[in-house]
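The values are calculated or read from the model by the stated rules, or taken from the named source; none is laboratory data. What you see is a predicted model; the values in this text were computed from it and never measured. FYI the Cβ positions are ideal-geometry reconstructions off the backbone, even for glycines, and counts take in every protein chain you see.
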Amino acid sequence: MHVYLDESGTLTERDSKYFTVGSFTVGNPQRIINAFRRWQRTKFPRKIKVQSEVKFNDSHIKDELRLKTLKFLAKQDIRIFCTFLNKKNIPIEFRKKGRVYETGLLYTEIVVSTLELYLPITETEFRVIRDQRSLKGVSPAVFNKTIKTSLLPKLPAKTNLQVQAIDSTTNPLVQVADWVCGALARYHEGKPRGQAFYNVLKGNIIQQKELFSDYWTKIWEKEK
């Protein structure tokens, strides 16, 4: 199994209320690569027909074309697993003086929670390919080790678990993950066309989960 993963939003800035991690798996990765590149060459505006990367929020793309592209991707047998969180619910252990501080650790935990949605599996290979990004306070080696430490005990014996960070410009499948994240983020933020985007993808969503939704309620109940 190959899982392609990306995120939308930031964990610290006030540019959005939600942080979304979207991922998908597919039976024939090369078919999706060919389909996405063919769509890019034939449907996207001339300025971005041959770009190495076309993101969901590219300024050259109008919402109507975004919707058509999502419909095209939804037909490619992608199976979506995603998590999201309202940033006001981020636990206190990731905060310092009221501000979100341990973003690397928090991101790692979110990714673990997202990948756990795929379990249980019977495959002997579980390969995670994500967009390359810097993680505050967490090195790539520690990130990968944490993922493996969390998931390996829950996987079949001798499963080959690999975590790889790549430059998204080199991988159309991670770019598709960006499109999935972008569409879901629009929906969670309640932005224009967000509901329409979600409606297109919802048939492909196998599992989705809101993280930390009851965290502060539990804290309050303990203090009563």
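Candidates in the stretch 2-33 are the residues that are among the hydroxyl-bearing types (Ser, Thr, Tyr) and more than 14 Å from the chain's Cα centre (by Cα); of these, the one that is nearest to residue 55 (Cα to Cα) is 16. In this entry, residue 149 passes the filter for residues that are loosely packed, with under 14 Cβ neighbours inside 10 Å and within 20 Å of residue 104 (Cα to Cα). With respect to residue 200, determine if the residue is of a type in the set (A, V, I, L, M) and surrounded by fewer than 16 Cβ atoms within 10 Å (Cβ to Cβ). In short, no.
Residue pairs whose Cβ atoms lie under 8 Å apart, sitting 6 or more positions apart in sequence or on different chains, and linking a residue in the stretch 171-198 that is within 10 Å of residue 6 (Cα to Cα) to a partner that is part of a helix (DSSP H, G or I) and of a type in the set (Ser, Thr, Tyr), are 174/168; 175/168; 178/168; 179/69. Answer yes if at least one residue in the stretch 58-69 is more than 13 Å from residue 181 (Cβ to Cβ), of a type in the set (Ser, Thr, Tyr) and either touching a Lys or Arg at 6+ places or on another chain (Cβ under 7 Å) or touching a residue at least 12 places away in the same chain (Cβ under 8 Å) (or both), and no otherwise. The answer is yes; a qualifying residue exists.
Restricted to helices (runs of 4 or more DSSP H) entirely inside the stretch 106-224, those with at least 2 residues that are of a type in the set (Phe, Trp, Tyr) and closer than 29 Å to residue 91 by Cα are 172-189, 215-223.
Can you go through 81, 44, 72, 36 and tell me which one is within 15 Å of the chain's Cα centre (by Cα) and modelled with pLDDT of 95 or more? Among 81, 44, 72, 36, only 81 is within 15 Å of the chain's Cα centre (by Cα) and modelled with pLDDT of 95 or more. Of the residues making up the stretch 115-162, those that are out of contact with any strand residue (DSSP E or B) (no Cβ under 6 Å at 6 or more places or on another chain), modelled with pLDDT of 95 or more and of a type in the set (D, E, K, R) number 3.
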